[in-house]
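Structure first, then comments.
The values are calculated or read from the model by the stated rules, or taken from the named source; none is laboratory data. Since the model is a prediction, treat every value here as computed from it, not as a measurement. Here the Cβ positions follow ideal geometry from the backbone for every residue, glycine too, while neighbour counts run over all protein chains shown. Note: accessible area is taken over every heavy atom of the protein model, side chains too, but ligands, DNA and RNA are not part of it. Shrake-Rupley method; radii C 1.70, N 1.55, O 1.52, S 1.80 Å.
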Amino acid sequence: MSTRSSDTVIAGYIPLLDSALLVAAARLGFAEEEGIDLQLVRETSWANIRDRISVGHFDVAHMLGPMPIAASLNITSLAVPMRVPMALGLGGNAITVSCAIWGQMSAAGAGEEGDPASTGAALAQVITGRKTAGGDPLRFGVVHPFSGHAYELRYWLAAAGIDPDADVEITVLPPPLMHDALAVGQIDGYCVGEPWNTAAVLAGTGRIATFKEAIWPASPEKVLGVTENWAERNPDRLDRLVRSLVRSAEWCGNKENAPQLAALLASAEFLDCPANLCLPALTDQIRLIKAGPALDVPFMTFSGPLAHCPRLEHGLWFYSQMVRWGQAGFNAADLDIVRDTFSSAIYRRACGVGEQSALRQPQPARFFDQNPFDPDAIEAYVEAFDLKV
């Protein structure tokens, strides 16, 4: 049984590459340098992470970006007000389909390098053909309803004219089970973080159709989540933890450290997988197909203030998708809750970043379909979509 002191922080995490900041901080001394006894608890599902931080089993957690917002808005189970002290990186997801579905998409003109527009248009043709032939709808897996994965998959489908709620089935699975579910035919595709796309690619059971960086470059993914109550009661401990994670992020983001990081993450204690599954994303050398070349494009980012500092426009985009897909009704009062949840105040306090920092300047979102996101006009942004709930 673990022991707790006034310097202990218990953190829940899911076995994914973007748990790297927590893992490296705990095992390579970054937390210890700040006097933090960082104890990690591996979980199997995001629902467990949500529930256990809500009831106080965890002090902080590796969380899906939209999850603290949903908790603060009281639209999820065991909801409590939450805060996002820092982001744990950018990018890192992909959408993988079975080799059989990819074969049909390829025949319909899908691009070979993960272009979201051509792969989405090809999938739309495949779905239309299945409907005409009386076939069952395709089934896609996502990791949680309140996740970047769910919103990226839905955005990609809807941009191609595919109704995510009528033309396909979307189901929820824990990330490490996705590639096995694809291999046995329980699902036809999925959106998940690494290394669980590469697992299907190297097994020869799946093909990456497109990826997060192609859909929305430099987009937010996992965050450090904490309840408002814990953050207010433990400001010094939280600040020290944030500073340790920032140093961990700089180490994780150095590509020269990728082999050591891959070996650490792949160990039985953490992801429990072969290290060769972890290296492609950590080195930005992702392969879309087993026999294909590495793409050599930015795939996931750990280091740099823009990857760590919570950005309000990111939180507001997540909220816009909750409204778009019927998880929340638009309410102007909710915007203040999102602002409080995704505030950069804790990060700036911990890192000594001033109010006038360039970090406060919004970075315009650039989606593959060139549809601009205006964080000051969310209701109009959502209303302009043809496909929505």
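Taking every protein chain into account, the 1.4 Å probe leaves W325 with about 20 Å² of accessible area, to the nearest ten. Can you list the residues of region 18-36 with backbone N under 12 Å from a point 7 Å past the Cα of T8, pointing along Cα to Cβ? Taking a point 7 Å out along Cα→Cβ of T8, no residue of region 18-36 has its backbone N under 12 Å. With the simple model of a label 7 Å out from the Cα in the direction of the Cβ, A117 to D336 spans 4.2 nm. In this view, the solvent-accessible surface of R139, computed with a 1.4 Å probe and all protein chains in place, comes to about 90 Å².
In this structure the amide hydrogen of V41, modeled in the peptide plane, comes within under 5 Å of the amide hydrogens of A11, G12, Y13, none closer than 5 places in sequence on its chain. Taking 7 Å steps out from each Cα toward its Cβ at A203 and A294 produces label points 2.3 nm apart.
Round to a whole number: what % of the accessible area of region 108-163 belongs to carbon and sulfur, probe 1.4 Å? With neighbouring chains kept in place, the figure for region 108-163 is 49 percent.
Label zone of A166 (point 7 Å out along Cα→Cβ, amide N under 18 Å): in region 365-385 this covers 383-385. Computed over the chain, the per-residue total of -39500 (n - 2.57) for DSSP H runs of n ≥ 4 gives a 222 nm mean residue ellipticity of -11500 deg cm²/dmol, rounded to 500.
Sorted into 20 angstrom bins from 0, the C-alpha pair distances of the chain split as 30, 60, 11, 0 percent.
A simple count of charges around Y13, restricted to other residues whose Cβ falls under 10 Å of its Cβ and scoring Lys, Arg +1 and Asp, Glu -1, yields 0.
Rounded to the nearest whole Hz, the Karplus-based 3J(HN,Hα) values (6.51 cos²θ - 1.76 cosθ + 1.60, θ = phi - 60°) of region 316-327 follow the sequence 5, 5, 4, 4, 4, 6, 4, 5, 4, 9, x, 7, with x at glycine and proline. Computed with every protein chain present, the accessible area of S19 is close to 0 Å² [probe 1.4 Å]. The H on the amide N of V84, modeled in the peptide plane, is under 5 Å from the matching H of S343, each at least 5 residues off or on a different chain.
Residue ranges 329-339, 216-226 sort as 216-226, 329-339 when ordered by packing (mean number of other C-beta atoms within 10 Å per residue, highest first). Shape class of region 229-348 from the alpha-carbon gyration tensor: oblate, with a/c at 1.5 or above and b/c at least as large as a/b. Remark on F211: its backbone amide H falls under 5 Å from those of I95, a criterion applied only to residues 5 or more positions apart or on other chains, H modelled at 1.01 Å from N.
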